[in-house]
Amino acid sequence: MERSEVDSDSLAAVGSLRSKFEQLASSSTSITTRSGPVNAGGQGYDLLSAGPSSPRPRASSNTFLDSTSPAPHHLRTSSSSSDLKAPAKRQPPPPPPPRGSKAPSRSLSPAPSALTRPVPIPPSVSSSSLVPSPSPRIGTPNPERHVATPTFNVEEEFSQPSVTALKNRFSSASPSSTRASSYSQPHYPPLQRDPPLPSPKPAIPPRPSKIIEPPLKPTILLSTHSVMKSPEQYSPSNSSPHTSVHSQSTGGSSTDNDSSSSLPPPIPSRIQLNGQHVSATSIRNLDAHFGDSSRTSFDKLNDSSTSLPKSTRSSIPPPPPRHRASFTPAVVDNLPAVSATMPNPKGLGAQPPRLPVRRSTVAQPEEASAAVAPRVSARPQVAIPPSTTVNDTASPASAIERKAFGLGKLPPPPTRTIALGDKLPPARRATEPSSDEESGSEEDPKVQAADMMPDSSRSSRRPPVLTFHDGYPSPRIHVHPHNGIVAASGSYIIVAHSHHLKIYDVAISEAPKFSLDTKDAGVKDSKITSLALRPAANEEDCGFILWVGTKEGHLFEVDIRTGTVIGTKPAAHMHPITYLFRHADSMVSMDESGKTLIFAPDTPGGEITLPFTIPRATRTTEKQDFVKMIAGKLWTGARGDYHGAQNAQKLPIIRVYDVMNPASTGRSLLPTEHVGPVTSGTVLPSRPGFVYLGHEEGFITIWDLDSDDGFPKCIEVMRVSTSDILSLEGVNDRLWAGGRNGMISAYDVSHKPWLVTNSWNAHPGLPVMKLMVNHYAIERNGRLCVVSVGRDEQLRLWDGLLGLDWVDKELLKTEAEYSTFRELSVLLVSWNCDSARPDSLNGDAVNYNFLQDVLQSVDSSPDILAFGFQEVIDLESRKMTAKNVLLGSKRKEDMGLSDKVTGAYKRWYDRLVTAVRIGMPPDVLYSVVHTESLVGLFSCIFVKNTERASLDDVAVTTVKRGMGGRYGNKGGIVARFVIGDSSICLINCHLAAGQNATRRRNADAAGILEDKAVFPVGHHSLAYVGGGDGTMVLDHDIVFFQGDMNYRIDHRRDAIISAIRSKDYASLLPYDQLLREIKYNRGCRLRGFAEGPITFAPTYKYDPRSDQYDTSEKHRSPAWCDRILWRTRVPTRVRQLHYRRYETNVSDHRPISAAFTITVKTLQQDARQAAQEIVEAAWIDEQERLLQAAREFYQSQALV
């Protein structure tokens, strides 16, 4: 371009755009696209040219505009790539001038150059892409040399803002002298694509790699000035010559001499796209703002226009994606108006391009339909705040921010139309469910397990202790907790540990009768590992010859009557003997390696002689955790032997061997469902064709012995406990199971689900490691003895026939013969008041007279009056619930209200006391015997003063059920007392909410009813039922269960409303969840409770202060959430007088009440003792019958 073609008015603006970035960008090309005005140094560079197409990352270069008065630095949001129009095809750039040509110079701008900020180059920049020319000629590329970009001393540069200083820095007289004036001599290595060289400069952290979408053609390329400042933001009055633009470019890595080289900045040129002038600098600045799609488009255009002839540009594919760091450009206010005077090279347009108007980045309605939405890449977007101050020493990564989603000019997000029949998306769950919404998942395994457990509501908790010495307590024998081994024969108990063997005769004493050592058998320092009683041909010796196996593989036998060793077999096994069993007239020994020896008599009916009998050997699996002879076969299982990869799909492998049949091989069996490892096994005398195996995790598997191939088949899996089943034994018609929690439970398997008839704490809190039946005690002592060994190091004896329970049941049948009875009246009131205060009972007469109506609902003054409230405080208020939890735990000793209880409970307490005093006759006085609160629950129980003296064992406690038993927003308040010889328990509960939370409600009810030891031990043992001592809820003779149970109606809301309007309540009862659970779910703990006929409308859910059912957006269905149930051992002793609701409308629930007449008894001890003697005499005959049945069973099993 000639000088005459330059617009003189634009020289000042053009001079201010000189930057080392532009110098580097133009120097890195091989073809120059312009010739025009030159700078003071006589050099010109093409900004539109890019380095060779290379997958190497490009360096980030910063352009700074200097000023003597720095202005604040600001950032502005970037434009979306959708603002760019597709570039039109253009002519190739003109060839560069010859190397020796000299361009005319121009006068410098009177203002100092603003583009003199330092340009630090990261060490990751490739040296092959920076190719500045040391020649002072304009636009002359040097393909054989490249130079690294210099760095500046910022303080030195800004201390010389004059034209002379700039001329000294960029003088073209002598490149060497110019560099010597302020920089060191740069190094010019040969141009080649060599690997990056190390650099002392710190690397700029790269932006995370991302997937770059295919390039899209931009529609509009904005100029540099439109990127830095919009026309609306610019004002000449407040402009400042100092700006700072922090943009991003690409390049190669610098050399070691980066810090000592410099080149004068180029003058930006323009290209023509669609008839408009666009600065190359603007494209580079836009590159920092736009996404990868716009950047890739420019790189493709630049590379193809500067490196290839016209004939091949259209066929060149875009360069490969580049991983590069991203920086937020700092756009500063007060930018000089340089765009209006930009030069117009080669007359490509009559006028320079005007500054584009900044448009909203949100797509307008009319534009969204016309614009083509670009593909959204998976990379993070950078948000540019409207104003940001750039610190020269700040880390570049500090400027990176994430771009808010939706700031780009994109069409609105797509919407989804759900057609008829399509599955609706799941509804969003509330972050904090309210008290009447879902309180837990129905899929919780604990909830499902508790709902399907055997019913233990009527089990006896009396321990069936047994003694062989009448008049003395059951013996207590110590057993080593880990290595102790036990055998029993009649009244003889044999305990072995290490090399010691102790023989007890508990019919005489708890002290050992004999103490032996392994050296007495001629085996010194041997450790005893197994015991078993050998069969004998002589009836007198049956049950008295004991085989002993040792760790060293020796066998010896002992006569327990005399304590002498009568035979030995050294080295019978090469490994420790882990198990010894008796089957018929044979003995089986098994060692740790799986080798099994079968000792059988030489002749039928003969006897085994340990030293001389030659055993038959067979092989089984080694290192088994469970081994037992069941139904003539050897059952084995190992903890690590399972089938399946995942825990939920693991099935323990059970191996069964018919060791008595030499031609038979073992068989591997699998249960039908996931269960824990096998721990124990047995056969039930009442069902001899089935084998029961106990597993960890509380499972019991049932195996059918009658199969086609002769091997068992799993037919059912039952979960009977939340604790592991560690021991199992079939006793009479009950299946006894010992758990990890120390409890022994007896199951009646004839019902579905099973019933727990007995459950007692055999070894408190410690695992029950072993259960076994003392078969020889049937003949020798006339008792069916069961031996248990616990981790508490104690051996205990139990009555397998459960004689005490049989006697109690028979005595109950004749209770009227030795007892006197009288009646008491009871009035129960339940109301979920929804945090309503007593003073809110106003407005309507039904509100004001509510308590008076309740007290007058019975004809005479009730002897017992119990109020149960729920949600006395707002359960949605964290402050109130926290205050209640922290301060409401202490109670007065006189059963009055706590001094530190929250005000809501105290207000209701005062109101109830006042209402009872006013509503009852003056001559009838009441005393408060119970008050208790639990996070919204409040109970207040009154008793007539005339009955107060007859109360005993008064106690009250709480049971938490919320959040797995840790929080009291759900749970119950349990109170008890004894009148005469009858015990009464009153429960005020609030169960889990939610239409579909039936299982959680069942689990909450079971937790309240079966919670262990909620009360202290009572003093009146005869007042409690089921052998209990009063510590549990179900130990009491009469139990009332009232409150907001939250059971709903499983029916359409419109059908429920229609039935209510027509008062057809009976049509809704089949859909009531509670009635259905009691009728159909045998695992529901409320099956033993009764409820009166429901003749009133559902009490939930109302709009407060109205008679309309829920009209909120949730439209909850009406339901009988508020209920009153009762349970008694004798059904005729509780009679309901009324069951009704009240129309108080200050809450979303309606109050209910129920009145009863109960019968309490007083025992006559002499008459009862006489009746007990008659029943015990009848038990002797029944015991003999049961023992004969047990004897026949064990003989059939070849155990005796």
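The values are calculated or read from the model by the stated rules, or taken from the named source; none is laboratory data. Because the structure is predicted, anything quoted here is derived from the model rather than measured. So basically every Cβ, Gly included, is an ideal-geometry build from the backbone, and we count neighbours across all protein chains shown.
Only residues that are of a type in the set (Val, Ile, Thr) and in contact (Cβ under 8 Å) with a residue 40 or more places away in the chain: list them for the range 1149-1184, please.
Residues satisfying the conditions are Ile1152, Thr1157, Ile1158, Thr1159, Val1160, Thr1162, Val1175.
Do we find a residue being under 28 Å from Gly972 (Cβ atoms), among the small types (Gly, Ala, Ser) and crowded, with 17+ Cβ neighbours inside 10 Å anywhere in the range 840-855?
no
Restricting attention to the range 491-539, which residues are in a helix (DSSP H, G or I) and of a type outside the set (Val, Ile, Thr)?
The answer is Lys519, Asp520, Ala521, Glu539.
If we scan the range 652-659, do we find a residue that is surrounded by 18 or more Cβ atoms within 10 Å (Cβ to Cβ), outside any loop (DSSP other than H, G, I, E, B) and among the basic types (Lys, Arg)?
The answer is yes, given that some residue of the range 652-659 is surrounded by 18 or more Cβ atoms within 10 Å (Cβ to Cβ), outside any loop (DSSP other than H, G, I, E, B) and among the basic types (Lys, Arg).
What are the residues in the range 540-556 that are touching a helix residue (DSSP H, G or I) at 6+ places or on another chain (Cβ under 9 Å) and in a strand (DSSP E or B), if any?
The answer is Val548, Thr550, Phe556.
Which of the residues that make up the range 840-876 are touching a residue at least 24 places away in the same chain (Cβ under 8 Å) and part of a helix (DSSP H, G or I)?
Once the filter is applied, which keeps residues that are touching a residue at least 24 places away in the same chain (Cβ under 8 Å) and part of a helix (DSSP H, G or I), the range 840-876 yields Ser840, Val846, Asn847, Phe850, Leu851, Gln852, Asp853, Val854, Leu855.
Which ones in the range 487-513 are touching a Leu at 6+ places or on another chain (Cβ under 7 Å) and either of a type in the set (S, T, N, Q) or not assigned by TED's automatic domain parsing to the domain that holds Glu540 (or both)?
Ser489, the sole residue that qualifies.
Looking at (1) of a type outside the set (S, T, N, Q); (2) touching a residue at least 60 places away in the same chain (Cβ under 8 Å); (3) in a strand (DSSP E or B), find the lone condition where Ile700 falls short.
For Ile700, the failing item is (2).
Is the range 565-588 home to any residue that is closer than 21 Å to Glu607 by Cα, assigned to a loop (DSSP other than H, G, I, E, B) and either within 51 Å of the chain's Cα centre (by Cα) or polar (S, T, N, Q) (or both)?
No, the range 565-588 contains no residue that is closer than 21 Å to Glu607 by Cα, assigned to a loop (DSSP other than H, G, I, E, B) and either within 51 Å of the chain's Cα centre (by Cα) or polar (S, T, N, Q) (or both).
Can you pull out the residues in the range 1092-1121 that are over 38 Å from the mean Cα position of the chain (by Cα) and charged (D, E, K, R)?
Answer for the range 1092-1121, where residues must be over 38 Å from the mean Cα position of the chain (by Cα) and charged (D, E, K, R): Arg1105, Asp1107.
Okay, residues lined up against (1) assigned by TED's automatic domain parsing to the domain that holds His990; (2) modelled with pLDDT under 95; (3) farther than 30 Å from Met718 by Cβ:
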| site | (1), (2), (3) |
| --- | --- |
| Leu1068 | yes, no, yes |
| Glu1077 | yes, yes, no |
| Cys1084 | yes, yes, no |
| Ser1106 | yes, yes, yes |
| Lys1114 | yes, yes, yes |
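Kindly provide the set of residues from the range 976-991 that are small (Gly, Ala, Ser) and crowded, with 24+ Cβ neighbours inside 10 Å, ordered by number.
Ser982, Ser983
Among residues belonging to the range 1054-1080 that are in contact (Cβ under 8 Å) with a residue 24 or more places away in the chain and surrounded by 18 or more Cβ atoms within 10 Å (Cβ to Cβ), point out the one that is nearest to Val720 (Cα to Cα).
The residue in question is Glu1077.
From the list Leu1199, Leu1125, Leu1187, Leu1137, which one is in contact (Cβ under 8 Å) with a residue 60 or more places away in the chain, touching a helix residue (DSSP H, G or I) at 6+ places or on another chain (Cβ under 8 Å) and surrounded by fewer than 21 Cβ atoms within 10 Å (Cβ to Cβ)?
Leu1187
Here is a list of conditions, (1) basic (Lys, Arg); (2) surrounded by fewer than 22 Cβ atoms within 10 Å (Cβ to Cβ); (3) touching a residue at least 12 places away in the same chain (Cβ under 8 Å), and Lys524 meets all of them except one; can you say which number that is?
In the conditions (1) basic (Lys, Arg); (2) surrounded by fewer than 22 Cβ atoms within 10 Å (Cβ to Cβ); (3) touching a residue at least 12 places away in the same chain (Cβ under 8 Å), Lys524 misses (3) alone.
Do we have Thr958 as polar (S, T, N, Q), part of a loop (DSSP other than H, G, I, E, B) and either surrounded by 20 or more Cβ atoms within 10 Å (Cβ to Cβ) or in contact (Cβ under 8 Å) with a residue 12 or more places away in the chain (or both) here?
Judged against the criteria, Thr958 is not a match.
Considering only residues that are among the acidic types (Asp, Glu) and either without any contact (Cβ under 8 Å) to a residue 60 or more places away in the chain or surrounded by fewer than 18 Cβ atoms within 10 Å (Cβ to Cβ) (or both), which ones fall in the range 1103-1122?
If the condition is that a residue be among the acidic types (Asp, Glu) and either without any contact (Cβ under 8 Å) to a residue 60 or more places away in the chain or surrounded by fewer than 18 Cβ atoms within 10 Å (Cβ to Cβ) (or both), then Asp1103, Asp1107, Asp1110, Glu1113 are the ones that fit.
Tyr1100 passes all but one of (1) more than 19 Å from Asp1064 (Cβ to Cβ); (2) buried (at least 16 other Cβ atoms within 10 Å of the Cβ); which number fails?
Failing condition for Tyr1100: (1).
Residues checked against (1) touching a His at 6+ places or on another chain (Cβ under 9 Å); (2) on the phi < 0 side of the Ramachandran plot; (3) in contact (Cβ under 8 Å) with a residue 24 or more places away in the chain:
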residue	(1), (2), (3)
Ile608	no, yes, yes
Ile614	no, yes, no
Arg619	no, yes, yes
Gln624	no, yes, yes
Ala645	no, yes, no
Pro652	yes, yes, yes
Arg655	no, yes, yes
Pro662	no, yes, yes
Arg667	no, yes, yes
